[in-house]
Amino acid sequence: MQVYSYSLITVMLNRRGIVDKDRPNRLISLDVFRGLTIAAMILVNNPGSWSHVYGPLRHAQWHGWTFADTVFPAFLFIVGVAIAFSFGSRLEKESSRLSLYKKIIRRTLILFALGLFLSGFPFFDLSTLRIPGVLQRIAVCYLITSVIFLNSTWKGQLAWAIGLLLFYWAIMEWIPVPGAGAGLYEKGSNLASYIDSQLLAGHMWPQTKTWDPEGIISTIPAISTTLFGVLAGHWLKRDRTSRDKTIWLLVIGGAAVLAGALWHLRLPINKSLWTSSYSVLMAGLAGICLGVLYYLVDVRGRKRWTQPALVYGMNAITVYVLAGITARLLYLIKVTGADGNTLTIKTWIYDTLFLSWLGDMNGSLAYSITFIIVIYLCMLALYRKKIFIKI
């Protein structure tokens, strides 16, 4: 089995259809999971008004988690599963690993560059350009996880995943922050925030300016999240019955959720710090979701409902970049309202088409859903022409 990896350089015209006849065992559920995750990212990132967002679609204020906090780790988990499938099959076909390393480096650089592009678009002020970001973290996690995968067995990868979690916990607990002390997990007062402030000053998330939710050392446990996806991919590739694969994905996923929840009693679950307890809990939830989708889509063949998710999942990075650019443009384009005041076209659309008759909360949610549908319709044209943007 092989899962295709998509990005933004080469356009491939797949004239044989979405399910390649030469790959009858392709893991369609992974594409569906990826598409649902990207759709959830867009839903969370594009409300009609940031002042009116339902609780589950807001990130936790600090400790704890909501639905919004499950989305990014789910995508990293998916990246890990895809690595296990795509690299595993390529290792069987290619005698030299040099070509694989070249592809890894190229993809890493492209993803990181796209992240920087979105951070700077459209003004590109290099003096304040945010260096960390979602795509940047995906790039780093992809790079390091790929190298670990190519140089270790599944046991080694499990050891790396656990070791990185324990290492991150240890340095957060034992290395003191100047003027504050060690073992701190408060906003702006912890080792991760201190390192970000020292190394990324002026180039962090503009809403905080003193720390970044995709910061430097908090990427360490995010690599573990990706490695947990690799381990799930190993399991799905094994010569076991579909029933066994499904059951154990659910059982191990449930055990990880329980372990993360128990660890929370000692180490708070926190997305912005990507604490080790958060990494374990989110990997467990992602494993459960993948298990359910694998059973429904790949085992039972329930695929009629999957097309919207596949449209997103088959061009996932393209969707994310397009959504980011569109959202920025909606803030930049100005129009004159009925009262003669100048406002952004995003505000005009929200006020006129949604707020006016749905109210604050429902109007804001309806705007998000409409945004998802518009991006979907744009990507549907590529999907129907079998155009997938690929490295």
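If you build the convex hull over the alpha carbons only and average its shadow over all orientations, what do you get for the chain? Give it in nm² to one decimal. Before the final figure, lay out each step's value.
Details: hull surface 82.8 nm².
The orientation-averaged projected area of the Cα hull of the chain comes to 20.7 nm².
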Please state the shape class of region 267-323: rounded when a/c is under 1.5, otherwise prolate if a/b exceeds b/c and oblate if not, all from the C-alpha gyration tensor.
oblate
Fewest-first ranking of Arg107, Arg238, using other Cβ atoms within 10 Å as the exposure measure
Arg238, Arg107
Karplus couplings for region 145-154 from phi (6.51 cos²θ - 1.76 cosθ + 1.60, θ = phi - 60°), rounded to Hz, Gly and Pro as x?
5, 4, 5, 4, 4, 6, 10, 7, 8, 4
Mind jotting down a quarter of the surface of the convex hull over the alpha carbons of region 253-371, in square nanometres, one decimal?
11.2 nm²
Looking only at lysines whose Cα falls under 18 Å of Lys102's and that sit 8 or more positions away or on another chain, we get Lys93, Lys390
Contact order relative to length of the chain, as percent, for alpha carbon pairs under 8 angstrom and 6 or more apart
30 percent
Dividing the convex hull volume of the Cα atoms of region 58-209 by its residue count, what figure in Å³ per residue is obtained?
145 Å³
Cut-off under 20 Å on the C-alpha distance; same-chain residues fewer than 8 positions from Lys385 excluded. Which lysines are left, in chain and number order?
Lys21, Lys303
Only helical DSSP H runs with n ≥ 4 go in: add -39500 (n - 2.57) per run for the chain, normalise by residue count and round the 222 nm mean residue ellipticity to 500 deg cm²/dmol.
-19500 deg cm²/dmol
Fewest to most neighbouring Cβ within 10 Å: what's the order for Thr318, Thr326?
Thr326, Thr318
Simple Cβ-charge dipole of the chain, Lys/Arg +1 and Asp/Glu -1, about Cα centre, in debye nearest 20
1640 debye
Please find, in a Gaussian network model of the chain (springs between Cα atoms separated by less than 10 Å), the residue of Phe123, Phe371, Phe67 whose mean-square fluctuation is greatest.
Phe123
Top positive-direction residue, dipole computed over the chain with Cβ charges, set Val299, Ile317, Gly35:
Val299
Between Leu166 and Gln307, what FRET efficiency follows from the Cβ-Cβ distance if R0 is 35 Å, with the result rounded to 0.05?
0.25
Distance between region 370-390 and region 120-166 - C-alpha centres, whole angstrom
27 Å
Using a basic spin-label model with each label point 7 Å from the Cα along Cα→Cβ, how many nm lie between Lys386 and Ile216?
4.8 nm
For Ile247, Ile42, which order do you get if you count the other beta carbons within 10 Å of each Cβ and list the fewest first?
Ile247, Ile42
Mind telling me which of Met204, Met361, Met282 comes out most flexible in a GNM of the chain, alpha-carbon contacts under 10 Å?
Met361
For Lys271, which lysines qualify as cross-link partners when the Cα separation must be under 25 Å and same-chain residues fewer than eight apart are set aside?
Lys187, Lys209
Kirkwood Rh, Cα Rg: Rg to Rh for region 51-128?
1.14
Connecting every pair of Cα atoms under 10 Å apart in the chain and solving the GNM, the largest mean-square fluctuation among Phe77, Phe117, Phe228 falls on Phe117
Where the Cα pairs of region 204-312 fall when distances are cut into 5 Å bins, in %:
2, 12, 17, 18, 16, 14, 11, 7, 3, 1, 0
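Laboratory data are not the source of any read-out in this text; all were calculated from the coordinates shown. Nothing here was measured: the structure is a model prediction, and the numbers come from that model. Cβ coordinates were reconstructed from backbone atoms using ideal geometry, including for glycine residues, and neighbour counts include every protein chain displayed.
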